[in-house]
Amino acid sequence: MALTASLGRWQLSRAAEKEALQAAIAERQRLPALDGASLAQALSDDQARELLHRAITLRGQWLADRTVFLDNRPMARQTGFYVLTPLRLTGSDRVVLVQRGWAPRHQVDRSLLPPVQTPTGEVQVSGRIAAHPPRVYQLGQEQGGAIRQNLDLDAWRAETGLPLAPVLVVQTGAASDGLQRDWPEAASGVEKHYGYAFQWFGLCTLIGLLLLWFQVVRPLYRARRA
């Protein structure tokens, strides 16, 4: 009983941690939007973490020839790609990788790229800062090319030689350039911990009832019959 009760309390504490983290993320999202200068300088790991989930507005030029299409990313029950294009910031050599949106995949030829428009000249991009592109399960090592399963920022920086910022910007706003942006909300996993806690406390209760039956109720019943 002590063990199952302690496991239930541990799951409740994990849920409280997740709720606190979600509240901190929501608070960061309500802060005023940053500008490109926040990512134009070299950032330490701690500085980069402090920027996560903040809103940001960037100005720069797309490096269209470096666009990457992350495969097996569903949206609205359709299979497709997350489209990522690096943006060279105005007035700086720094490059920020932008998750621009989602595009459907060709139903017959998986190697065909979707028709995505990439404007030339200076553009303005609004979004939120994330640590890295979302990952999916993959078999084997990642291959190069435009279509990929996952993208590691450090590895891609070494591959391209671009002065890449250590964070990603997820573009928000209405659909444009042939891309949708109905991004799924990040799940905190709080419900899972509450479910586990319920199971552990339920098991604890069951053990207590069995203990009461075999150690108290049943002996009393036998004693009365004797």
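All of the numbers you see were taken from the coordinates with simple rules; none came from a lab. Everything numeric here is computed off the predicted structure, so don't read it as measured data. Here the Cβ positions follow ideal geometry from the backbone for every residue, glycine too, while neighbour counts run over all protein chains shown.
Near Glu17, once Lys and Arg are set to +1 and Asp and Glu to -1 for all other residues with Cβ below 15 Å from its Cβ, the sum equals +2. Applied to segment 203-219, the Karplus parametrisation 6.51 cos²θ - 1.76 cosθ + 1.60 on θ = phi - 60° returns per-residue 3J(HN,Hα) values of 5, 4, 4, 4, 4, x, 5, 5, 4, 4, 5, 6, 9, 10, 5, 5, x Hz, with x for Gly and Pro. Label sites at Arg224 and Gln22, each approximated as a point 7 angstrom past Cα along Cα to Cβ, lie 4.8 nm apart. Run the simple label-point estimate for Glu159 and Trp10 please: 7 Å along Cα→C-beta, distance reported in nm. If labels sit at Glu159 and Trp10, their model points lie 3.9 nm apart. A simple rule links phi to the HN-Hα coupling: the Karplus curve 6.51 cos²θ - 1.76 cosθ + 1.60 with θ = phi - 60°, which for segment 9-14 gives 5, 5, 5, 5, 5, 5 Hz, with x for Gly and Pro.
A cut-off of 5 Å between modelled amide H atoms, ignoring neighbours fewer than 5 places along the same chain, links Asp35 with Thr57.
Estimated from the Cβ-Cβ distance and a Förster radius of 45 angstrom, the FRET efficiency linking Leu113 and Tyr194 is about 0.55.
Placing a label point 7 Å from the Cα of Trp213 along the Cα-to-Cβ line, the residues of segment 188-207 whose backbone N sits under 12 Å from it are 206-207. The Kirkwood hydrodynamic radius of the chain, based on inverse pair distances between different Cα atoms, is 20.9 Å. Note on Asp182 and Ala146: with the Förster distance fixed at 25 Å, the Cβ-Cβ geometry gives a FRET efficiency of about 0.60. Between rounded, prolate and oblate, where does segment 87-178 land on the alpha carbon gyration tensor, with a ≥ b ≥ c its root eigenvalues, rounded for a/c under 1.5, else prolate if a/b exceeds b/c? Oblate is the answer for segment 87-178, as a/c is 1.5 or above yet b/c matches or exceeds a/b.
If you take all other residues with their beta carbon under 11 Å from the beta carbon of Leu89, and give Lys and Arg +1 and Asp and Glu -1, the sum is 0. When the Cα gyration tensor is reduced to axis lengths a ≥ b ≥ c, the ratio a/c is 1.5 or higher for segment 1-107, and with a/b not above b/c it is classed as oblate. Measuring r between the beta carbons of Val136 and Ser44 and using R0 = 30 Å, the FRET efficiency lands at 0.55. In this structure the amide hydrogen of His53, modeled in the peptide plane, comes within under 5 Å of the amide hydrogens of Ile129, Ala130, none closer than 5 places in sequence on its chain. Summing Lys and Arg as +1 and Asp and Glu as -1 over all other residues whose Cβ lies under 14 Å from the Cβ of Arg100 gives a net charge of +2.
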